[in-house]
Each structure stands twice: as C-alpha cells, then as structure tokens.
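> Quick one: this structure, given as structure tokens, is what I'll be asking you about.
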Amino acid sequence: MNQSVSRELFGDKRLGFYIYLGVEAVMFATLFATYIIFTPPSKGVTPTEAFDLRSVIMASVFLLPSSATLLIAEKGLKDGSRVKVWIGLITTFVLGAVFLGLEVHEFYKYAVHEGYTISMNNFMASFYTLVGLHASHVAFGLCWMVLLMLQLKRNLPSALFNEKQKIFNYYWHFVDFIWVMIIIFVYSPYVF
C-alpha cells in the first residue's frame, strides 16, 4: 500500500485521535489548575510533608526513558525491522510497568502507612485525582502495547500495523509529557 493511499485510509483515524488528545490535554489542564488552587492546603498534610524526592526520581528514571525506547520501535517501522519494533515495544512495556508499580507503591505508602487519604483535604484529593489519572493512562498504554504485540505477532498488514503503532506513539509521548508537567507543577516546588 503506497503512502498516499495509506494517508487517505487512515487520515480520519488520525484526526479523531488528535481530537481525543486535545480533549485529554484540556482535562489534564483543568486538573493541574485544580491542584494549584488547592495547594498548599490550609490544614492537614502539606506537599512538603507528603512528597518524597526519592520516589519521584525513581518513577521518572523508568517512565521518561520509555519515550526514547519507543523511538527504537518507530525506527524499526521505518527500517522494516520487526526485531527493532519488538525490542522497542517490550522495553517500553517493561519501563512503563515498573513506573506503574512505583506509583501504586507511592499511593499505598501515602494512604496506608502515612494515613494521607483522598478525603484528608483538597490538596490530597486533587493530588490523587491528577496523578492517579495519569497512572491510569499508563495502565491503559500498557494494555494497548500488549494488543500491538499480539497484532505484530499475527502479521497484521504492515500499513495497518504501522498506523496503529504511530497512533500509539502519539499517545505514549503525550503520557510522558504529562509526567514532565506533573514533575514541574506537582512535585518540584516541594521536593527539589
């Protein structure tokens, strides 16, 4: 399938996905604004008391390189190398899964060990909502990667698989971008 036919076939899917990402960006912007309004709280736990620099760094060490490893899969698509696509997807999946495990551990530590529950104050509620929604996007991305790997294994027609992979790449890079914004607006004013 040549490039122009592929562009015509998948143009509407790309447009729909760009609209979806735009809606997601507005939703996250609203959550960031809510977090900023309610932080620091007038009573209850504060970000300085709750946040731990080590856990932020550990989570970032795993999630941020996942965009770079996904570039290996993108290069594999361009080169026609299934091995590179596999390496890129599997490495990205592992990094994303470790990140998600670290986030779940962070929430468990805050809620169970420290007693910082979502109902403690508006700061904790906005924190759990914003960071938890990001974590759910990572979890969704991991499921999407599994589907991509299954489709790669089934030898989906290359034009169709390439388009699905490209759309996923936009999603994953968006998720990583949101994590960078979380570091800047949520964690860095209080842990660095």
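The values are calculated or read from the model by the stated rules, or taken from the named source; none is laboratory data. Since we're looking at a predicted model, the values are computed, not measured. Note that each Cβ is placed from the backbone with ideal geometry, even for glycine, and that neighbours are counted across all protein chains shown. Ligands, DNA and RNA are stripped out before the accessible areas are found, and what is left, the full protein with its side chains, is counted by its heavy atoms. Shrake-Rupley method; radii C 1.70, N 1.55, O 1.52, S 1.80 Å.
> What share of Cα pairs, in percent, lie more than 28 angstrom apart in the stretch 58-192?
25
> Determine the per residue accessible area of the chain with all protein chains present and a 1.4 angstrom probe, expressed in square angstrom.
Accessible surface, normalised per residue, equals 52 Å².
> Indicate the gyration tensor shape class of the stretch 143-192 (rounded, prolate or oblate), computed on the Cα atoms with a ≥ b ≥ c the square roots of the eigenvalues: a/c under 1.5 is rounded; otherwise a/b larger than b/c is prolate and the rest oblate.
Taking the square roots of the gyration eigenvalues as a ≥ b ≥ c, the stretch 143-192 is prolate.
> Another question, if that's okay. How much length is gained if the chain between Thr117 and Arg154 is pulled fully straight, taking 0.36 nm per residue apart and subtracting their Cα-Cα distance, in nm to one decimal?
8.9 nm
> A further question on this structure: Taking amide hydrogens as modeled 1.01 Å from N in the peptide plane, which residues meet the under 5 Å criterion relative to Tyr116, leaving out close sequence neighbours?
Ala111
> What does the extension gain come out to for Ile87 and Leu64, with contour length at 0.36 nm per residue minus their alpha carbon separation?
Length difference between fully extended and current span is 6.6 nm.
> State whether the stretch 1-124 is rounded, prolate or oblate according to the following rule on the C-alpha gyration tensor (a ≥ b ≥ c being the square roots of its eigenvalues): a/c under 1.5 gives rounded; otherwise a/b larger than b/c gives prolate, and the remaining case gives oblate.
Here the stretch 1-124 falls in the oblate category.
> Within the stretch 98-124, list the residues whose amide N lies under 20 Å from a label point set 7 Å along Cα→Cβ of Glu49.
Residues 106-124 fall inside that zone.
> Still on this model: Over all directions, how big on average is the projection of the convex hull of the alpha-carbon atoms in the stretch 88-144, in square nanometres?
Average of the hull's projected areas for the stretch 88-144 equals 3.9 nm².
> Show me, for the stretch 96-112, the HN-Hα J-couplings you get by feeding each phi into the Karplus relation (A = 6.51, B = -1.76, C = 1.60, θ = phi - 60°), rounded to Hz, glycine and proline as x.
Working through the residues one at a time gives x, 5, 5, 4, 4, x, 5, 5, 4, 4, 4, 5, 4, 4, 5, 6, 8 Hz.
> Another question, if that's okay. Which value, in debye to the nearest 20, describes the size of the charge dipole of the chain about its Cα centre when Lys and Arg Cβ atoms bear +1, Asp and Glu Cβ atoms bear -1, and nothing else is charged?
Value, rounded to 20: 640 debye.
> Okay, next question. Below 27 Å Cα-Cα, how many Lys pairs turn up in the chain? Only count pairs eight or more apart in sequence, or on different chains, if you could.
Close lysine pairs under the 27 Å cut-off: 19.
> Further question: Starting from one equal scatterer on each C-alpha and no solvent at all, send me the Debye-based log10 I(q)/I(0) for the stretch 49-113 at q = 0.22, 0.23 Å⁻¹, two decimals.
Computed log10 I(q)/I(0) values: -0.81, -0.85.
> On to the next question. Could you go through the stretch 32-49 in sequence order and give the Karplus-derived ³J(HN,Hα) for each residue, using 6.51 cos²θ - 1.76 cosθ + 1.60 with θ = phi - 60°, rounded to whole Hz, and x for Gly and Pro?
With the stated coefficients, the stretch 32-49 comes to 5, 4, 4, 4, 5, 5, 8, 10, x, x, 7, 8, x, 5, 9, x, 4, 6 Hz.
> What value, in deg cm²/dmol to 500, does the helix sum -39500 (n - 2.57) over DSSP H runs of n ≥ 4 give at 222 nm once divided by the residues of the chain?
-28000 deg cm²/dmol
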